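The values are calculated or read from the model by the stated rules, or taken from the named source; none is laboratory data. Note that the structure is predicted; figures quoted are calculated from it, not measured. Methodologically, a virtual Cβ is constructed for each residue, glycine included, from the backbone with ideal geometry; neighbour enumeration extends over all protein chains shown.
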Amino acid sequence: MRKTFSVVLIISLILSFGLLSACSGNKYLPEYESGFWKYAVKTQTDGSKEAYLIGLTESGANQTALVYPERIDGIPVYGIGYKRIFVTLESYVGKIESNNLEKIYFPHPPKEEIISEVFDGVTIVGVHWNYEEDPQNLTVWGPFEMVYGYSLIHDGKTLAKDLNPLIGNVSYMYNYLGTPNEGYFWVDSYNEEVISFVPPEPEREGYVFDGWYKEAECLNKWNFDTDKTGKEIVYDRNYPEKYKTYEGISLYAKWRIL
C-alpha cells in the first residue's frame, strides 16, 4: 500500500510539474520568415494570433534601414523579441544581428515593450512619429504643431528613456487640408547629409503622389541625390525650453488629381 501511494505521489508530482511548465509558457513559439524578418507566432486561446519579430533574414541583414511592420503575413506584430518563462526562470527569445542596419522606423508604436536584449551589437536610431497613437512621446514644437523623434536603441542595449534622444529634423508633410496626424506623414533624422532612405509614398484618395518638394507651393523638388539636410537635433534634457522652435527642414508632398 505504501509503495502504491509513493508511485501515485511521484506520478502526481510529474504531472503537476508538467502542467505548471505548460502554464508558465515554457515552449518556444513556432517560427517563420517573411521578407526581411524572422518572426514567431503566439496563438491565444480564442484563436487570435500575435507575431513577434525575432531576427533578420539574409535579405534583411543586408538593409541599412527597415520599417517596423504593423502586420506580417496578415498577423498583427506585437513587438521585437518575446519573453519565455520556464517555471520561474525568464529568458528572451530573438536576436537582431546585422553589420549594415542603421535605422528602424516606427510608423506606429509596438503593442508590447521591445526587448533590448534581442539586439546584438546593432546600433539603431529609431525615428518614430504618430501623434494620435502615442501622445505621451517626446514632443517638439515645429512649424505645424508637433514633431516626434527619439533614439530607440543604442549600442544594442540601452532604451530611449536612458538617452538624450534625437529629434526628427526632416519632416515629410501630407500637404493638404484635413490631413491625419497633425499633417505629418514621416519624420527622419540626418546630420548634414544626403537623405539615404526615401519613405513609402503617402496615399490620398482621388490623387496620385507626385514627389517631395521644398515648399508647400511645390516649386522646387527635393533632390535625394545631392540635397543635404541640416545638423541633427539631439534633445538636451537640461534645456527643454529651447525646443519651442523647429530647426529642421520640411518636405511637402505634391498631388495630381486622378
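Filter the strands (runs of 3 or more DSSP E) completely within the stretch 106-213 down to those with at least 2 residues that are modelled with pLDDT of 85 or more and of a type outside the set (A, V, I, L, M, F, W, C). Talk me through it step by step, then tell me what you get.
On the way: elements: 125-128, 140-142, 145-147, 170-173, 184-188, 207-213.
Result: 170-173, 207-213.
Show the residue pairs meeting these rules: Cβ distance below 9 Å; 6+ apart or different chains; first residue within the stretch 97-115 and closer than 20 Å to Tyr190 by Cα and among the hydroxyl-bearing types (Ser, Thr, Tyr); second residue surrounded by 18 or more Cβ atoms within 10 Å (Cβ to Cβ) and at pLDDT below 80.
Tyr105/Gly126; Tyr105/Val127; Tyr105/His128; Tyr105/Trp129
From the residues in the stretch 57-88 that are among the aliphatic types (A, V, I, L, M) and assigned to a strand (DSSP E or B), which one is farthest from Lys42 (Cα to Cα)?
Within the stretch 57-88, the first condition is being among the aliphatic types (A, V, I, L, M), and the residues that meet it are 61, 65-67, 72, 75, 77, 80, 85, 87.
Subsequent filtering for residues that are assigned to a strand (DSSP E or B) retains 65-67, 72, 75, 77, 80, 85.
On the way: Ala65: 27, Leu66: 23, Val67: 22, Ile72: 13, Ile75: 10, Val77: 10, Ile80: 13, Ile85: 14 Å.
So, considering only residues that are among the aliphatic types (A, V, I, L, M) and assigned to a strand (DSSP E or B), the one farthest from Lys42 (Cα to Cα) is Ala65.
Just need a number here: residues in the stretch 168-194 that are more than 20 Å from Asp227 (Cβ to Cβ) and either surrounded by fewer than 17 Cβ atoms within 10 Å (Cβ to Cβ) or among the small types (Gly, Ala, Ser) (or both).
Residues meeting the conditions: 6.
What is the number of the single condition among (1) at pLDDT 50 or above; (2) under 24 Å from the mean Cα position of the chain (by Cα); (3) surrounded by fewer than 13 Cβ atoms within 10 Å (Cβ to Cβ) that Leu219 does not meet?
All conditions are met except number (2).
Mind checking which pairs have a first residue in the stretch 34-60 that is of a type in the set (Gly, Ala, Ser) and a second that is buried (at least 18 other Cβ atoms within 10 Å of the Cβ) and not in a strand (DSSP E or B), Cβ under 6 Å, 6 or more apart or different chains?
Final answer for the pair search is Ala40/Leu29; Ser59/Phe36; Gly60/Phe36.
Looking for something hydrophobic (A, V, I, L, M, F, W, C) and modelled with pLDDT under 90 - is there at least one such residue anywhere in the stretch 41-63? Let's see the steps before the verdict.
Taking the stretch 41-63 first, the residues hydrophobic (A, V, I, L, M, F, W, C) are 41, 51, 53-54, 56, 61.
Then drop every residue that is not modelled with pLDDT under 90, which leaves none.
No: zero hits.
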